[in-house]
Structure formats: structure tokens, C-alpha cells
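First comes the structure, then the notes that go with it.
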Amino acid sequence: MSRERSFSGGTHPPGNKELSRSREIVRIPAPDTVTVSLCTHLGAPSTPVVKPGDTVTFGQVIGERNGFISLPTHSPVGGKVLSVGEAPMPHRRMGPAVVISVTDRQETPVFEPLPNWRNLQASLIIDRIRDAGVCGMGGACFPTFVKLSPPQGKKIDMLIINGVECEPYLTADHRLMLENPTDVIEGMNILAMVLGVKDPCIGIEVNKPDAITLLRNAGVRVVPLAVSYPQGAEKQLIDAVCGRKVPAGGLPLDIGVVVQNVGTCAAVAHAVRDGMPSVSRITTVSGRGVSNPGNFHCVVGTPVSVLVEAAGGYTPDAERLISGGPMMGMAMYTDEAPVTKGTSGVLVLSGSEVRDSAEGPCIRCGKCVDACPVNLCPSLIAKASEYGNWTMAKDYGALNCMACGTCSFVCPAGRYLVQYIKRAQNEIRAAARSGKGA
Amino acid sequence: MPEARRFELAMSPHVSATATTRRVMTDVSIALLPALAAAVYFFGFRVLLLTGLSVVAAVLAELLCLRFMKKPVNIVLDGSAVVTGILLAYNVPPGVPWWLPVLGSAFAIVVAKQAFGGLGNNIVNPALLGRAFLMASFPVLMTAGWWAPLANGPAGNDSWDQSGIPSADLLEADVITGATPLNLLKQTYTWDTGATEALEGGDSEGAEALRRKASGVRAMLSSEQTRLSLFLGRVGGCIGETSALMLVLGALYLFARKVLEPRLPLFYLGAVALFGWLFGGPGFFQGDPLFHLLSGGVILGGFFMVTDMVTTPVTKTGRIIFGVGAGLLTMVIRRWGGYPEGCSYSILLMNLATPLIDRYTKPLAFGEVKKND
């Protein structure tokens, strides 16, 4: 067997995917009340266009686009608006949201289905993907249509579909590829057509051999990758798949590449072929803090508590609630927070799974330097940040950090390296904005 | 709908690798044990007492410092003081009075480590600075305490027979003034110089005699039997440095536990072998690399002190520079310096250069292009 491709650096956190990878996706009906975030995508929040008491139908626009990098928000259900305002959100304490009392769970196309998309203009399809509110389903939630509209003069010649799912515990993408390969392939073909790319491929880590075989048999070009975190990060994935390196501070499209997640592909297929808005997603509920981990399909706005209940409820030693994976996911303080378009997983970790929170002094072992996928010296940036030396932090490349958490994971002293570096990034950017330079 | 439940917040990542500072220090301590077993075998149970006292002194000194500086005393549990205590003891001869390693350990912890802010902040290797302090303060005790292996007593002129190093016919009784292989090697350099001077003075007979002595001792040092003795540890030396075999066993354990990164030890040992061959002999390209690797503190230093995380560079290129630099300095001191062994001072000197090395070996970030400035 040939050696699989990968990127340099990285680490191997225990996958823990066996908890949920063999569980079929279970469809959860919308609960009685949903809390729909107006800011699930990266960019400006959408502006609410409904008020309490309004009746809404499935797929109705309840928040309008606000600026270029923004998306409309659709109602995932039919019902009555209870309130428009702030609500607890997974990625921040509070965020703008529309709370809807659910009366109708019927899902019908709100746009004209375009099964003959091959004969249509690319711009028409891009508009559809935008109007359906499709954003990156891998967790970053970047509006998909933006990635499909490269600036003048940039030629895209490669489309890589991200089936890596490198975060431990998460199996939603894996299950999607196994249970619904048709939608993934359809979405990939739509994206390839729009971008004018002839030969798209899917990067999948070899810990998902069944998905690799299935998609290969369906005629897809699969690039098997050695298991390593953070291979699902855009730049690392591109490096692993084709050896091209995105310039520091640049974007994949600078080297002619677009990366899209498998979940995004399925959402694109639904939007274009079926005329459906992006209002639901597949999410993994796992960790030893829930009794019966699994993969669930639910509408956005479903409270996390409903998902946890679907996964058998909390175990007695449930200690931490996380939106996303254990490496980059955010701890949530309440399970009232809703699922958003970027909720790739909900983890409930038990006391034995979470790391010791105590932080010791850096012993300069260099493990973080060896593991950093961006080739930085996290320990040195962190030290500079600890002492408020933002110039030195910048000099050591703090701005190149993507906060993947690999350094903190391997650190024997348990240092919060990512947070020190993020702090430096904020300070450097603030200084740059205020014109003083850093 | 289920009732809302609250959770404590925490920062990502939420999981971590199993390695902890304490685990690392425990592994290093375990890896040092085989060498202690060899020392007990060759030098007797006294070395256990010295090592034990040294460790106790290091831990007590650390406790007192933490107490005095009003830091949490449980910091001592990270195990780094134990490692320093063991290494300090390994760096003194087996015949020193009991209070010498105690004093050295206390100095290592108080002055070299805690005065700089404790674990992670010290600039030089504490155990090595402790040794340097002892060498400077008690030079006689530190160089007269050599014991011959398996003799359980001070090394004397007649002990080489038991030591496994063959006595050459050419060796006269007054020849052996030092009790370690490196002391003998240092003698040969002196004889070489003496021979040259004698020749210039017209005393060709005296020159020839000195040459013969020097080459005779060299032949003895490079003999198969000497190599075997050096490899097993059947030679005079500091407590923990003599048995290459046992030290390598410990190092293999550390590699298996992924505690040791390979660049530092390999480039250090490689540099010692290279420069030892280059100028460690009577003339250029005449040195015996194997002898230089196996003798003195090179194996102990190479696997356990050049690799000290705190005082060596974190960058990959930096670790290579450190290893090569320390190897070069070790050989320069052995060949031209005032001491027969240069391992510990070479590491101390490179420790001082570490911040500079880190600064000038900053790696290029992913996708970054080298700037022409």
C-alpha cells in the first residue's frame, strides 16, 4: 500500500469516532419553539424583517442580507414569531435571533427546482446558492457564493471537496458521505461547473475506508489522506492533496483552488436541484457525557437540549458542553443555545475526557514548534504575548496562526497557547487599525 | 422541552495529549536509573548514598525557595528538582565527601534555577552550573575523588589492571598521573608538545622517548579492550557518566516515550565524533572518534544535558546549531583547553547562546517566502 499524502506538522488526538460513526443519521422533528440565529454565517448579521406576532412560512426570509459578505436567513419552519432580539448562542454569549413558535413542519421548495442546472448560466446558480443562504458547513460558515465569485483575473483550476472531518468525535460528514453520496456528488458537480473546473476531487482520511470505497465506486476522484489533525483546515488540505502552498496572508483562490465541505456540497445540491433553502444540517452528538451518541439531522434553531435528549440525555459525569469538536469548538454555558448552520457537532465531555485546566510554566520542550502546521514557534509567541510585547509576537508570525489548537493539545505544561496568540493577534490588529502600526 | 442546564465555560482545546511536565520529568528520572545501577556495580553502594543525598538536597532547596518566594509549594511535584539532583550527583566523582553533592545540588536549585524564576526560566542547565561551581570552589576534591572501577577505593597507579585498561609496556610508573581515560589523553597532547620542543632544542632522543610514550598510550586508549571497558563503564569517571551502554539504554527508553527529540543528541554526538576525528588525535584526521564518543561525559551529556529542554533552542534549526556547537566546543576544550573534559562547559556556553540561536533561526511560516533584506 502506498503512503498516503498529508501535510507537515500536526498531531494525532484520539479520534473517539467509534462512539458515533456507525450510528445512522436520525431525523429530529422541529421542536415546539426554534431560535434562529441571524448571524450563523461569517460576515455581517442579517437584518430582521419580521416582528413579534408575524406569521411565517417555511423558507420565508426573516433576515435580509446586509452587505456583500452576508447571507439571508430563512425560517426553518412555519409558525408565529414570538420575539426578535438577543438569545444565547453557541459561539458567543448572546446574539441576534428570531424565536418562532412552530405550527407547521412541512418542508416544500421555496425556489424553482433547477434539475437541469447544467444548461444554466453560472451566475444564475451562484445567485441561487446565495439566496438559499448556503454557507460553509464545516464550521467556518463562510458564505459559499463569495468563494464561487473569484475576483477578475483569478483563474480557478482546482476544486477540492473536504471530507476530512479531522476534529475528534465528529462523524456527521462521514455519515453524510455514506448515507447520501448522491447529494454530495451532485453538489460537487454543480460547484465544479460554476467554477469551470474539470476534475474535482474529494480528500478523505483513511480512517473512513468505507466512505473512500463508496465514493470511488460512484466514480468520484478520491484522494486518501493519512490521518492527522488539522488536515481539514483549508490550507493544510490543499497542501496535502496537491502540494500547493497558499501564500501566508493569502487565500486559496490566489493559487487557483477552491475548497468546499461535503456538507456544503449537499446544501448546494438542495438549493439548486431541489429549490430548498439552507435551514437544516447534520450534526454529531457525542462524548461520554451523553448516554447514546449519534448523528442527527435537525433544523437550525433546534435547542441543543433537544439534541442531547435525542442522544439519550446526560450521563451523571457530564461536565462540559461544546459546540463543534474538542480541538477548536467553543464551550457553551447553556444547552438552550440553538443549532446553527455551523454546528458540526455538540459534544458533552465527561470529567475524565476534558483536559486538566491547570497551567504550568513553559519548559521549552519545543513540542509545539514541531507540531505547528503553520510552522510557527507557539511557545515564543505566547511568551511575547504574556509580557505584552506585541511587536515581538508579530515578528514571530502571530498573525499566521489559525488557532487550530494543535500546540495547546501537545503542550505538556498545559499552556493556553492559542489564547495567548489570539490575544496578540487582537492587539496587533487593533494597533494596525488605529494607524499606529504594531 | 427539557429544562435548561448550565455548564462551566473553558477554553479550547478541550482535550490534551497525555504528556505532562511531571510525566516528562518522571521519564527522564527513570531513564537515568540504569546508569545508576552500573555505577553501583562498578563503584559500590556509596554512589547510591551520594545520589540520594543530592536528590534530597535538590528537593529541599526547591521547597525552601518556593516557600521563601511565596509560590505554591506543590510546584516541587513537577519532578524537575529530582532530575537536577540526579544529574548533579552523576557529575561528581564517586570518592567525593558526602556534603559536596549536597552543596552542589543546593547551589544548582537556588542560584541556577529558582533565582531566575524557577522551572522554564533558568538560562543555563542547573546541574551543570552546580558542577561548575564545585569545580571552581573545590578543584582538588573534584579531581582527586576518582575511584577505580570494581576496586571500591581511590584510583592508584596499579589500579589500571583491574580497570580493564591494559597496561602497556611503554608506560612507566610515573606516567599515569590521571585516573580517567581523558586524563591520559590530555597527557599525550602534553607529550606531543614536549617532543616538538625537545626536537627544536636538539634533543632528538628525548623527543623520540616522549613520542613513543604518547603513541603507546594512544594505542592503549584505542584498543578493543579499552573500548569495551568504556562501553560497559569499567573505567574511572564521574558517578553517572561511565557506562555508555546503560546511558544508551535509558536514552532508548526516552526515544520510545517520545520525550527526546533526535536532533540535539544526534548532532551533538555526530559533531563530537567528527571533530574528534578531525583534531582529537596527534595530527589532523588522526583522532579516534569512538574513543571521544565513549569517554568522559559525552554520552551522559549528549542524551541527558544537551537535551535539557529549558536551556536549549526550541526551533528545529536551532537544535542542530546547538548540537554541533556544543560538540565543537567539547572537542576544542578537550584538545586545547585547561581541562581534560569539555562536555559540561561546552553545554553551559551553548546554553548562553540559546536565546540568540532561537531568534536567528525563526522558521518561515507556512506559505511564507524568504524576504531579501
Practice prompt. Please work out if B:GLY296 is part of a loop (DSSP other than H, G, I, E, B) and either open to solvent by less than 10 Å² (accessible area, probe 1.4 Å) or more than 14 Å from chain A (Cβ to nearest Cβ) (or both).
Written response: yes
Fill in: Count - residues of the range B:14-31 that are more than 7 Å from every other protein chain (Cβ to nearest Cβ) and outside any helix (DSSP H, G or I)
1
Discussion item. I'd like the full set of residues that are outside any strand (DSSP E or B) and either touching a helix residue (DSSP H, G or I) at 6+ places or on another chain (Cβ under 8 Å) or open to solvent by 10 Å² or more (accessible area, probe 1.4 Å) (or both), limited to the range A:276-299.
Written reply: A:MET276, A:PRO277, A:SER278, A:GLY287, A:ARG288, A:SER291, A:ASN292, A:PRO293
Worksheet item: Going by the conditions given, is A:ARG273 under 30 Å from A:VAL308 (Cβ atoms) and in contact (Cβ under 8 Å) with a residue 40 or more places away in the chain?
Response: no
Worksheet item: Does A:GLY219 fit the bill of being surrounded by fewer than 21 Cβ atoms within 10 Å (Cβ to Cβ), assigned to a loop (DSSP other than H, G, I, E, B), within 14 Å of chain B (Cβ to nearest Cβ) and not hydrophobic (A, V, I, L, M, F, W, C)?
Response: no
Worksheet, complete the sentence: Counted residues in the range B:179-197 being within 24 Å of the chain's Cα centre (by Cα) and surrounded by fewer than 17 Cβ atoms within 10 Å (Cβ to Cβ) come to 0
Discussion item. Quick check on my filter: what residues within the range B:306-352 are within 25 Å of A:ALA371 (Cβ to Cβ), assigned to a helix (DSSP H, G or I) and more than 14 Å from the chain's Cα centre (by Cα)?
Written reply: B:LYS316, B:THR317, B:GLY318, B:ARG319, B:ILE320, B:ILE321, B:PHE322, B:VAL324
Worksheet item: Can we say A:ILE238 is within 19 Å of the chain's Cα centre (by Cα) and part of a helix (DSSP H, G or I)?
Response: yes
Fill in: Candidate set from the range B:106-127 (those that are more than 14 Å from every other protein chain (Cβ to nearest Cβ) and not β-branched (Val, Ile, Thr)); member that is surrounded by the fewest Cβ atoms within 10 Å (Cβ to Cβ)
B:ALA115
Worksheet item: Based on what the data block shows, is A:SER352 modelled with pLDDT under 95, on the phi < 0 side of the Ramachandran plot, facing another protein chain (nearest Cβ under 9 Å) and open to solvent by 20 Å² or more (accessible area, probe 1.4 Å)?
Response: no
Worksheet item: Does the range B:20-38 include one or more residues that are open to solvent by 10 Å² or more (accessible area, probe 1.4 Å), charged (D, E, K, R) and in contact with a strand residue (DSSP E or B) (Cβ under 9 Å, 6 or more places away or on another chain)?
Response: no
Worksheet item: Within the range A:309-339, can you find the residues that are surrounded by fewer than 24 Cβ atoms within 10 Å (Cβ to Cβ), more than 7 Å from chain B (Cβ to nearest Cβ) and among the hydrophobic types (A, V, I, L, M, F, W, C)?
Response: A:ALA310, A:ALA318
Worksheet item: So which of B:GLU224, B:GLU241, B:GLU200 is of a type in the set (Asp, Glu), open to solvent by 10 Å² or more (accessible area, probe 1.4 Å) and touching a residue at least 40 places away in the same chain (Cβ under 8 Å)?
Response: B:GLU241
Worksheet, complete the sentence: Scanning the range A:113-159 residue by residue, those part of a helix (DSSP H, G or I) and in contact with a strand residue (DSSP E or B) (Cβ under 8 Å, 6 or more places away or on another chain) turn out to be A:ARG130, A:THR144, A:LYS147
Worksheet item: A:LEU399 is checked against (1) of a type outside the set (S, T, N, Q); (2) over 17 Å from A:HIS12 (Cα atoms); (3) touching a residue at least 60 places away in the same chain (Cβ under 8 Å); (4) crowded, with 24+ Cβ neighbours inside 10 Å and fails just one. What number does that condition carry?
Response: (4)
Fill in: Counted residues, the range B:225-251 - those being over 17 Å from the mean Cα position of the chain (by Cα) and at pLDDT 95 or above
0
Practice prompt. Please give the strands (runs of 3 or more DSSP E) falling wholly within the range A:21-103 in which 2 or more residues are hydroxyl-bearing (Ser, Thr, Tyr) and open to solvent by less than 70 Å² (accessible area, probe 1.4 Å).
Written response: A:33-37
Worksheet item: Among the residues of the range B:256-273, is any surrounded by fewer than 20 Cβ atoms within 10 Å (Cβ to Cβ), more than 13 Å from every other protein chain (Cβ to nearest Cβ) and under 24 Å from A:PRO373 (Cα atoms)?
Response: yes
Discussion item. Six or more apart or on different chains, Cβ atoms under 8 Å: show the pairs whose first residue is in the range B:257-273 and over 25 Å from B:ILE333 (Cβ atoms) and whose second is open to solvent by less than 10 Å² (accessible area, probe 1.4 Å) and outside any loop (DSSP other than H, G, I, E, B).
Written reply: B:ARG257/B:ASP27; B:VAL259/B:VAL24; B:VAL259/B:ASP27; B:VAL259/B:ALA31; B:GLU261/B:ARG319
Fill in: Selection within the range B:89-105 - in a helix (DSSP H, G or I) and either in contact with a Pro (Cβ under 9 Å, 6 or more places away or on another chain) or open to solvent by less than 10 Å² (accessible area, probe 1.4 Å) (or both)
B:ALA89, B:TYR90, B:LEU100, B:PRO101, B:GLY104, B:SER105
Item to complete: Go through the range B:328-342 residue by residue and tally those that are at pLDDT 95 or above and closer than 19 Å to B:ALA127 by Cβ.
Response: 3
Worksheet entry | Residue selected from the range B:39-54 under the condition part of a helix (DSSP H, G or I) and open to solvent by 60 Å² or more (accessible area, probe 1.4 Å), by the criterion nearest to B:VAL248 (Cα to Cα) | B:TYR41
Item to complete: Could you tell me whether the range A:336-349 includes any residue that is modelled with pLDDT of 95 or more, more than 25 Å from A:SER278 (Cα to Cα) and not in a strand (DSSP E or B)?
Response: no
Discussion item. Looking only at the range B:55-70, count every residue that is of a type outside the set (A, V, I, L, M, F, W, C) and surrounded by 15 or more Cβ atoms within 10 Å (Cβ to Cβ) and tell me the total.
Written reply: 1
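The values are calculated or read from the model by the stated rules, or taken from the named source; none is laboratory data. All of these numbers come straight from a predicted model, not from anything done at the bench. When we count neighbours, we look across all protein chains shown, and the Cβ atoms used for this are built from the backbone with ideal geometry, even at glycine. For accessibility, only protein heavy atoms count, side chains too; no ligands or nucleic acids. Shrake-Rupley method; radii C 1.70, N 1.55, O 1.52, S 1.80 Å.
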